[in-house]
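Peer 1: Pasting in a structure now, in structure tokens, and then I'll have a few things to ask.
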Amino acid sequence: MYHEFIKPFPKDFLWGASTSAYQVEGAWDEDGKGPSVIDMGKHPEGTSDFKVASDHYHRYKEDIALFAEMGLKAYRFSIAWTRIYSKGIGEINEKGIAFYNDLINELLSHNIEPIVTMYHFDLPYALQEKGGWSNRETVDAYENYAKTLFKYFGDRVKYWLTINEQNMMTLHGAAIGTLDPNIENLQKELYQQNHHMLLAQAKAMKLCHEMCPNAKIGPAPNITSIYPVSSKPEDVLAASNFSSIRNWLYLDAAVFGRYNSIAWSYMEEKGYTPVIQEGDMEILKSGKPDFIAFNYYSTSTVAESKNDPSDKNSTGDQQIAIGEQGVYRGVSNPYLEKTEFGWEIDPIGFRSTLREINERYNLPLLVTENGLGAYDKLEEGDVVNDDYRINFLRKHIEQAKLAITDGVNLIGYCPWSAIDLVSTHQGFSKRYGFIYVNRDEFDLKDLRRIKKKSFYWYKDVIESNGEKI
Ligand code: BG6
């Protein structure tokens, strides 16, 4: 749809940027922090571990000063569960509480709204040893953890995100490093884990409303429009299959408290249905989100399944569909360019994704990730000319504006990432930040912070409330 008049961004729009604890903080075993599944996992060869990351734990004041200089209105970060409870449950670690108290206070002193992800891939390893999300006790541990977060930080945090990319943990746990290699009957178990996470999320949403009546809470999956490779009806059906399995299963459960019927029939067909105990569906219905947060990097294109093993690729990740026999085949989209890391670039798909979510759920939307991973080059005089990133973000912001004009209630945009950090599975060289961190994959150098060209550009975007892009 063409619009003659383009609506401006709302006055109180949350211009932000994002990170996650394990990818940015470092200090992986300091001040009482316990190990998480990420700390104990294997890292792909040639890529950094997460022990030091960007050393944000020790440099958060300097970093927040830079965020303030960039003009951020919001900062979306995650709390490491293992800093609050080293074993996921049990005794509270006061030093962990103190760290996040200081971080939140520092943000507020700069008028930056904290947007807190409660759990971003880094499940406490002690819980994993007891079965992780396969074990229903993890639901109770998460509820207890949520209660602690609301109790200690709920007076100041107004935006909470329950679980980051639950759908990617279910579909691509191997790539992002959350998959327990010892699981038997993998797919079935993953959907059982998913069911438990849905229960945990519903409980947290209910609890948040009871304990922090002025706060808002929502899920944060990775959502994207799914295109059929052609107008052939079979391709269109394949896209509908994948959309239900990848997107709507998670959001229907979060918003309506029920399973998406197409995703459910898929699980039945494959023998993946979770065990649902009496009372579970009531629990799901009891938690309601105030908004939907979602991460968007790219769209996905699929074709009709050939119903043979060739439907499945050998690898995949958050943005590269693996495919599944009898359901859909992941294909590339000939109309889209790709990043250096093979993810398709689709700003218009961002507008369609916003419109689709808006139409299905009619809730405020908050974009919690969007960005370009690239091999940035530090030039003479501490300069990083990341025009490609500016170009990527500009095109997405333009589409966000069009989506607002289309009628979408978009309340904020938090690109990934505020500062360089370690990628989930492609190391430190895959950079996303507005701020360069001077380290290599294995050589930590001096970790000094350098403002990239995109830093200055984003500052102008925010200052002009999205008019000057
Ligand atoms: C999202 C995650 O999937 O994508 C982030 O929530 C992640 O944790 C981001 O870093 C970019 O992916 P990657 O694999 O390039 O780090």
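The values are calculated or read from the model by the stated rules, or taken from the named source; none is laboratory data. Just so we're clear, the structure is a prediction, and the values are computed from it rather than from any experiment. Cβ coordinates were reconstructed from backbone atoms using ideal geometry, including for glycine residues, and neighbour counts include every protein chain displayed. Heads up: the accessible areas ignore ligands, DNA and RNA and are worked out on the full protein's heavy atoms, side chains in. Shrake-Rupley method; radii C 1.70, N 1.55, O 1.52, S 1.80 Å.
Peer 1: Using a Cα-Cα cut-off of under 12 Å, which aspartates and glutamates could be cross-linked to Lys468, ignoring same-chain neighbours fewer than 8 residues away?
Peer 2: Glu398, Asp460
Peer 1: Now a separate question. If you find the alpha carbon centre of the range 1-68 and of the range 118-142, how far apart are they in angstrom?
Peer 2: Between the Cα centre of the range 1-68 and that of the range 118-142, the gap is 21 Å.
Peer 1: Report in % the part of the accessible area of the chain that belongs to carbon and sulfur, leaving out ligands and nucleic acids; probe 1.4 Å.
Peer 2: The value for the chain is 49 percent carbon and sulfur by accessible area.
Peer 1: Got a sec to turn the phi values of the range 419-428 into Karplus ³J(HN,Hα) couplings, 6.51 cos²θ - 1.76 cosθ + 1.60 with θ = phi - 60°, whole Hz, x for Gly and Pro?
Peer 2: Whole-Hz 3J(HN,Hα) from phi for the range 419-428: 9, 4, 7, 7, 5, 4, 9, 10, x, 7.
Peer 1: Filter Lys61/Lys401; Lys87/Lys151; Lys288/Lys401; Lys130/Lys216; Lys306/Lys395 down to the pairs with a C-alpha to C-alpha distance above 30 Å, please.
Peer 2: Too far apart for the 30 Å limit: Lys61/Lys401; Lys130/Lys216; Lys306/Lys395.
Peer 1: Okay, moving on. State, in angstrom, two size descriptors of the range 83-237 derived from its alpha carbons: Rg to one decimal place and Dmax to the nearest whole number.
Peer 2: Just the Cα atoms of the range 83-237 yield Rg and Dmax of 17.7, 59 Å.
Peer 1: Now, a different point. Where in the chain is the longest stretch that carries no chymotrypsin sites (Phe, Trp or Tyr not before Pro) classed as loop by DSSP and with at most 11 other Cβ atoms within 10 Å?
Peer 2: 6-334
Peer 1: Still on this structure, please answer the following. What residues have an amide H closer than 5 Å to that of Trp15, excluding those fewer than 5 places away on the same chain, when H is modeled at 1.01 Å from N in the peptide plane?
Peer 2: Here the answer is Lys73, Ala74, Tyr413, since their amide H atoms fall under 5 Å of that of Trp15.
Peer 1: With charges only on Cβ, +1 for K and R and -1 for D and E, what is the dipole size of the range 359-419 about its Cα centre, in debye, rounded to 20?
Peer 2: My answer is approximately 340 debye.
Peer 1: Moving to a separate point now. Towards the positive end of the charge dipole of the range 116-219, with charges on Cβ (+1 Lys, Arg; -1 Asp, Glu), say which of Gly154, Asn182, Tyr125 has the farthest Cα.
Peer 2: Gly154
Peer 1: Only loop residues by DSSP count here, and only those with at most 12 other Cβ atoms within 10 Å; note down the trypsin sites (Lys or Arg not before Pro) in the range 389-469 that meet that.
Peer 2: Passing both the DSSP loop test and the Cβ count: Lys445, Arg448, Lys468.
Peer 1: Expressed in nm to one decimal, what extension gain is obtained for the pair His3 and Glu463 from 0.36 nm per residue of sequence separation less their Cα-Cα distance?
Peer 2: 163.1 nm
Peer 1: While we're on this one: Using a basic spin-label model with each label point 7 Å from the Cα along Cα→Cβ, how many nm lie between Val236 and Asn214?
Peer 2: Placing both labels 7 Å beyond Cα along the Cβ direction yields 5.0 nm.
Peer 1: Tell me, what ³J(HN,Hα) does each residue in the range 152-167 have, in order and in whole Hz, if you take phi through Karplus 6.51 cos²θ - 1.76 cosθ + 1.60 with θ = phi - 60° and put x for Gly and Pro?
Peer 2: Rounded to whole hertz, the list is 7, 10, x, 6, 10, 8, 9, 10, 10, 10, 5, 9, 7, 6, 4, 5.
Peer 1: Where in the chain is the longest stretch that carries no GluC sites (Glu not before Pro) classed as loop by DSSP and with at most 10 other Cβ atoms within 10 Å?
Peer 2: Value returned for the longest uninterrupted segment is 185-277.
Peer 1: Once a ≥ b ≥ c are taken as the square roots of the eigenvalues of the Cα gyration tensor of the range 161-266, is the result rounded (a/c under 1.5), prolate (a/b larger than b/c) or oblate (a/b not larger than b/c)?
Peer 2: Oblate shape, in that a/c is at least 1.5 and b/c is the bigger or equal ratio.
Peer 1: Right, another one. In the calculated pair distance distribution of the range 255-326, what percentage of Cα-Cα distances lie above 21 Å?
Peer 2: Of the Cα pairs, 50 percent sit more than 21 Å apart.
Peer 1: Send over the semi-axes of the range 1-103's equivalent ellipsoid, whole angstrom and largest first, taken as the square roots of 5 times the C-alpha gyration tensor eigenvalues.
Peer 2: 33, 18, 14
Peer 1: Using the Karplus curve 6.51 cos²θ - 1.76 cosθ + 1.60 with θ = phi - 60°, what ³J(HN,Hα) values do you get for each residue of the range 347-355, in whole Hz, with x for Gly and Pro?
Peer 2: Values, residue by residue: x, 5, x, 5, 4, 5, 5, 4, 5 Hz.
Peer 1: Right, another one. For the range 271-407, what does the accessible surface come to per residue with a 1.4 Å probe? Please give it in Å².
Peer 2: 44 Å²
Peer 1: Let me ask you something else. Cα convex hull of the range 59-117: mean projected area in nm², to one decimal?
Peer 2: Projected area, direction-averaged: 3.9 nm².
Peer 1: At 7 Å along the Cα-to-beta-carbon direction for both Lys158 and His43, put a label point, then send me their distance in nm to one decimal.
Peer 2: Label at Lys158, label at His43, 3.8 nm between them.
Peer 1: Compute the Rg/Rh shape ratio of the chain: radius of gyration over Kirkwood radius, all on alpha-carbon atoms.
Peer 2: 0.94
Peer 1: Another question about this same structure. Taking the Cα of Lys61, stepping 7 Å toward and past its beta carbon, and measuring to each backbone N in the range 428-469: which are under 19 Å?
Peer 2: 447-450
Peer 1: Right, here's the next one. In nm, give the distance between the simple-model label positions of Asn144 and Ala98, each being 7 Å from the Cα along the Cα-to-Cβ direction.
Peer 2: 2.3 nm
Peer 1: What does the helix-only formula give at 222 nm for the chain: each DSSP H stretch with n ≥ 4 adding -39500 (n - 2.57), the total divided by the residues, and the result rounded to the nearest 500 deg cm²/dmol?
Peer 2: Result for the chain: -12000 deg cm²/dmol, rounded to the nearest 500.
Peer 1: For Leu444 and Lys306, compute 0.36 nm times the residue count separating them, minus their Cα-Cα distance, and round to one decimal in nm.
Peer 2: 44.9 nm
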